[in-house]
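Taking it in order: structure first as structure tokens, then the write-up.
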Ligand SMILES: [Fe+2]
């Protein structure tokens with residue numbers, strides 16, 4: 001496939017935009033079946049070696065990666081009051097690979113992705129992703145309940161994808177008895193996003209933090 005994720009400005013990684021165009025596939029020689037988390041990370045580094053990134057290839061290796069709980073163990077950190085974000089690899093500043101741990105009944109706010117591209121793979125349990133349309137006035141002075149676009153169950157290693165042009169979303173572990181774990185890839189990484197009130201559509205900025213980095217709890221947590 002020839003869809004690419006292209007950085008149009010070599011000096012600013014945040015200018016990466018999804019551009020659909022014909023181009024040379026620089027991932028044709030790479031494996032599409034990573035056999036371990038380390039191999040998945042190695043393939044991501046190769047896929048992101050230039051600023052022309054084959055988004056279909058990234059989707060394929062995220063989808064084909066099976067992995068096991070042994071290699072996720074350093075990043076499996078559950079908290080009773082909030083789901084945790086655990087950084088697995090910072091991707092030379094071009095991407096963030098992280099594991100999110102959802103205790104029973106935990107969920108995220110409705111949020112955007114700050115012009116990043118988000119791949120989310122369910123590696124344990126079941127998640128529900130609810131997609132929302134953007135509030136009509138961007139969330140400034142609205143009092144209108146947010147419109148749901150879709151509601152999708154995610155399990156068994158399935159990969160979901162979202163970016164701001166698709167809409168906003170909330171992710172929830174609907175189970176009262178089982179935990180859930182997701183593997184996320186963000187391109188490029190971001191530290192702030194907007195969160196939205198479902199009843200009014202109003203928005204505010206949120207700082208996103210890591211509960212752990214490379215398996216070690218971050219000092220503020
Ligand atoms: Fe998200």
Region 8-211, relative contact order [Cα under 8 Å, separation at least 6], %: 23
18 Å reach of a label modelled at residue 38, 7 Å along Cα-to-Cβ, counting backbone N of region 59-82: 65-75
Net lengthening on full extension, residue 199/residue 50 (0.36 nm per residue, minus Cα-Cα): 49.4 nm
FRET efficiency, 1/(1 + (r/R0)^6) with R0 22 Å, evaluated for residue 191 and residue 140 via beta carbons: 0.45
Separation of the residue 166 and residue 208 label points, Cα + 7 Å toward Cβ, nm: 1.4
The chain - mean residue ellipticity at 222 nm from DSSP helices (-39,500 (n - 2.57) per run, n ≥ 4, rounded to 500): -3000 deg cm²/dmol
More than 22 angstrom apart: percent of Cα pairs within the chain: 52
Pairwise FRET efficiency - residue 147 versus residue 178, Cβ, R0 = 30 Å, nearest 0.05: 0.50
Label point distance in nm, residue 156-residue 220, each placed 7 Å from Cα along Cα→Cβ: 4.0
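The numbers here are math on the coordinates, done by the rules we state, and not lab data. Computed from a prediction, not measured in an experiment: that's the story for all the values here. When we count neighbours, we look across all protein chains shown, and the Cβ atoms used for this are built from the backbone with ideal geometry, even at glycine.
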